[in-house]
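For reference, the structure is listed below as structure tokens.
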Amino acid sequence: MSLHQPRRTPISDAEKETRIALAACYRLAAYYRMTDLIYTHITARVPGEEGRFLINPYGWRWEEITASSLVKIDVDGNKVDDSPERVNPAGFTIHSAIHRASHGAAWVMHTHTRAGITVCSMEAGLETRLNQISLQFHDRVSYHDYEGIALNLEERERIVASLGDNPVLLLRNHGLLTTGASAAEMFNNMFYLERACELQVAAQSTGQPLRLVSEEVARHVARQYDAANHEDGDLGLEWAGHLRTLEALDPGYKD
């Protein structure tokens, strides 16, 4: 396989910006060790092109992803650019389900991390009242029962129904999924969801009784997080910090 194939299809400035932000998400996920070799995906809708989104070329490690390497496909799985790369059918099924149904979720991220799958395999799932990190997800998490490797297109409607209006979906016995209106929002959700899972597994591994905050406090803190992220602009500040990390590591993701 030859990496970094030159792209011939012209793209808009908006698509170029989306490609760069999406490539950044892949590189950041690799840096924070949220990858599963060549599996799982992060996708983004193409601005101004109804029913089209960008996905990683199947077989590439996330450390290798660049803006120009991303593949443009439609919600039926057809490539609509000149990329020679393949697309993972399972990734298409999960991501196209959300892209074709929810106009608010322009960005979708799915992972198979150790802590994430561990929590997804627990009957109770994520305990959102356990600590300050998990409280931001209080009343914002949905669940979807495992149906096998996601190759059945009929499952798409059930995935969307399970997600509902929440930004977070725990795929039972499978992995984590987050959505967002922007790269910053989607990645922020996954970054802290993964941290919440890690902290829960660590706390439960002690064998000690867990002390949960009250429902009243949980709802209060969830509102505080919403205000900080969307009113005070913390999302933008965090995303800028992530991008500075990438610039120091390797700015080649923008190519």
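The values are calculated or read from the model by the stated rules, or taken from the named source; none is laboratory data. Only a predicted model underlies this, so the values are computations on that prediction, with no experimental measurement involved. In this analysis, Cβ positions are derived from the backbone assuming ideal geometry, glycine residues included, and neighbour counts consider all displayed protein chains. The area values use the complete protein model at the heavy-atom level, side chains included, leaving out ligands, DNA and RNA. Shrake-Rupley method; radii C 1.70, N 1.55, O 1.52, S 1.80 Å.
So here's what we get for this one:
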read-out: Rel. contact order, % - alpha carbon contacts under 8 angstrom, at least six apart, the chain; value: 21
read-out: Pair residue 203, residue 217: separation of 7 Å Cα→Cβ label points (nm); value: 1.1
read-out: Net charge contributed by nearby residues that have their C-beta within less than 14 Å of residue 224 (K/R +1, D/E -1); value: -3
read-out: Within the chain, helix-based [θ] at 222 nm, where runs of 4 or more DSSP H residues each add -39,500 (n - 2.57), nearest 500; value: -13000 deg cm²/dmol
read-out: Largest to smallest principal axis extent of the C-alpha atoms in the range 14-107, angstrom; value: 31, 25, 25
read-out: Rg(Cα)/(2.2 N^0.38 Å) for the range 155-255, N = residue count; value: 1.31
read-out: Whole-Hz ³J(HN,Hα) from phi, Karplus 6.51 cos²θ - 1.76 cosθ + 1.60, for the range 177-184, glycine and proline x; value: 9, 10, 10, x, 7, 9, 4, 4
read-out: Whole-percent carbon and sulfur share, accessible surface of the chain, 1.4 Å; value: 49
read-out: Positive-end residue of 60, 80, 117, charge dipole of the range 1-156 with Cβ unit charges; value: 60
read-out: Accessible-area ranking of 38, 73, largest first, probe 1.4 Å; value: 38, 73
read-out: Phi to ³J(HN,Hα) by Karplus 6.51 cos²θ - 1.76 cosθ + 1.60 over the range 37-46, Hz, x for Gly, Pro; value: 6, 10, 9, 6, 8, 10, 9, 9, 5, 7
read-out: Ratio of the Cα radius of gyration of the range 151-203 to 2.2 N^0.38 Å, where N counts its residues; value: 1.27
read-out: Approximate spin-label separation residue 82-residue 118, in nm, with each point projected 7 Å along Cα-to-Cβ; value: 4.8
read-out: Environment charge at residue 101 (Cβ cut-off 11 Å; Lys +1, Arg +1, Asp -1, Glu -1); value: +1
read-out: Cα-based Rg / Dmax (Å) for the range 73-143; value: 16.1, 48
read-out: Reference-scaled alpha-carbon Rg (2.2 N^0.38 Å with N residues) for the chain; value: 0.99
read-out: Loop GluC sites (Glu not before Pro), the range 98-159, which have at most 11 other Cβ atoms in a 10 Å radius of their Cβ (DSSP); value: 123, 154
read-out: Net length gained if the chain between residue 245 and residue 157 were fully extended (0.36 nm per residue, minus Cα distance); value: 27.9 nm
read-out: Cα-centred dipole magnitude for the range 29-162, charges only on beta-carbon of K, R (+1) and D, E (-1), debye, nearest 20; value: 300
read-out: Summed residue charge, Cβ within 14 Å of residue 205's Cβ, Lys/Arg positive, Asp/Glu negative; value: -1
